1. Across the range 253-266, which residue is nearest to Ile93 (Cα to Cα) among those that are surrounded by fewer than 19 Cβ atoms within 10 Å (Cβ to Cβ) and aliphatic (A, V, I, L, M)?
2. For the range 216-260, give me each residue that is of a type in the set (Gly, Ala, Ser) and either in contact (Cβ under 8 Å) with a residue 24 or more places away in the chain or not assigned by TED's automatic domain parsing to the domain that holds Gln282 (or both).
3. Lys82 passes all but one of (1) modelled with pLDDT under 95; (2) in contact with a strand residue (DSSP E or B) (Cβ under 9 Å, 6 or more places away or on another chain); (3) over 30 Å from Ile4 (Cα atoms); which number fails?
4. Only one of (1) at pLDDT 95 or above; (2) surrounded by fewer than 14 Cβ atoms within 10 Å (Cβ to Cβ); (3) in contact with a Lys or Arg (Cβ under 6 Å, 6 or more places away or on another chain) is not met by Ser298, so which one is it?
5. For Pro249, state whether it is surrounded by 14 or more Cβ atoms within 10 Å (Cβ to Cβ) and not hydrophobic (A, V, I, L, M, F, W, C).
6. Tell me the residue from Asp185, Asp207, Asp198 that is loosely packed, with under 14 Cβ neighbours inside 10 Å and either acidic (Asp, Glu) or closer than 18 Å to Ser141 by Cα (or both), please.
7. Kindly indicate whether Ile193 is free of Cβ contacts under 8 Å to residues at least 60 places away in the same chain and aliphatic (A, V, I, L, M).
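The values are calculated or read from the model by the stated rules, or taken from the named source; none is laboratory data. Because the structure is a prediction, the values reported are computed rather than measured. Heads up, the Cβs are rebuilt from the backbone with ideal geometry, glycines too, and the neighbour counts pull from every protein chain shown.
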Amino acid sequence: MHNIAFENGWFLWFLLVIPLLVTYYIFRQGKTTASVKISSMDMFDRDHVTFRHYLRHVIFGLRMVVVGLVIIVIARPQNVNKWQNSSSEGIDIMLAMDVSGSMLAEDFSPNRLEASKNVATEFISGRPDDRIGLAVFSGESFTQCPLTTDHAVLINLMREIKSGIIEDGTAIGLGLATSINRIKDSNAVSKVIILLTDGVNNRGAIDPITAAEIAKTFKVRVYTIGVGTMGEADCPVMTPYGMRKIKVPVEIDEALLNKISDMTGGKYFRATDNNSLEKVYQEIDKLEKSKIETKEYSKREEMFMPYAIAAALVLAIELLLRYLFLKNIS
């Protein structure tokens with residue numbers, strides 16, 4: 001891409017001096033004309049005023065052109081050639097989200113699940129160039145949306161997630177394995193899984209550590225997020241008397257989540273409220289942006305020489321007119 005830029009662009013403001021000088025020149029011409037009262041013009045040779053007398057203004061015009069060209073030369077015009085060398089493959093990210101019944105706990109606003117969906121939506125919107133997919137897990141796991149750059153579709157599918165759509169439980173290993181299966185064959189320069197859960201692995205035929213080993217084999221980084229306050233949280237529970245909110249202990253297997261992230265080169269985060277969850281996604285966003293090297297190249301070619309040559313030529317023409325062709329004109 002080619003652009004004209006000025007190294008000393010601020011100097012172009014001096015071009016405003018030119019119209020001021022032109023105004024002053026016109027004003028001075030009126031003042032330098034003397035008036036003489038005579039009875040007759042017959043004594044003057046009317047052919048005495050030649051075309052050369054009108055050319056005296058050309059000298060001033062040429063001088064203004066020289067001034068303008070010199071200002072442009074000092075501003076240093078440059079032809080800037082810029083281009084980027086970046087991989088079009090980008091980053092592939094699978095979001096693995098826990099949708100178990102405990103995700104309805106209200107220590108987040110309005111609850112853990114909705115807060116996680118909202119923050120994940122912001123994360124997706126902030127990465128328009130990446131392919132992102134979504135897997136959900138509870139007692140079982142399935143792919144809600146495969147890797148795609150159509151983020152509008154992904155966000156709509158994200159909004160449709162509800163607790164209870166699959167058998168309850170927390171199959172962390174199965175959720176991780178489903179995500180790995182979707183991303184393992186990717187040709188992206190960086191493959192990432194963000195696994196979010198609020199519980200302890202208690203279901204599924206695949207052990208979480210085994211799934212982490214598979215992720216490591218396919219060079220997939222796993223960021224794990226534990227969501228839940230410290231202590232107890234209000235959680236709606238179905239009882240014989242209808243839906244009731246009861247206090248339930250917050251149990252997150254942080255040792256397991258830490259181990260999964262360590263094994264795969266990722267990082268474990270703990271989110272205890274909406275704000276801390278937003279910060280977790282922001283930190284992951286920064287970490288993954290630093291993994292891609294996007295190099296910008298810029299080549300600048302000086303363009304002042306043609307203007308300098310033009311200024312010299314115009315100045316030479318002015319001097320020739322002033323001291324040779326028009327020197328006898330006062």
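1. Met263
2. Residues satisfying the conditions are Gly226, Gly228, Ala233.
3. (3)
4. Condition (1) is where Ser298 drops out.
5. On the way: surrounded by 14 or more Cβ atoms within 10 Å (Cβ to Cβ): no; not hydrophobic (A, V, I, L, M, F, W, C): yes.
Criteria not met by Pro249.
6. Numbers: Asp207 fails: loosely packed, with under 14 Cβ neighbours inside 10 Å; Asp198 fails: loosely packed, with under 14 Cβ neighbours inside 10 Å.
Result: Asp185 is the single residue among Asp185, Asp207, Asp198 that is loosely packed, with under 14 Cβ neighbours inside 10 Å and either acidic (Asp, Glu) or closer than 18 Å to Ser141 by Cα (or both).
7. Details: free of Cβ contacts under 8 Å to residues at least 60 places away in the same chain: no; aliphatic (A, V, I, L, M): yes.
Answer is no for this residue.
Per-residue answers, yes or no, for (1) among the basic types (Lys, Arg); (2) within 31 Å of the chain's Cα centre (by Cα); (3) at pLDDT 95 or above:
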{"position": "Arg131", "(1), (2), (3)": "yes, yes, no"}
{"position": "Thr149", "(1), (2), (3)": "no, yes, no"}
{"position": "Ile166", "(1), (2), (3)": "no, no, no"}
{"position": "Ile172", "(1), (2), (3)": "no, no, yes"}
{"position": "Ser179", "(1), (2), (3)": "no, yes, yes"}
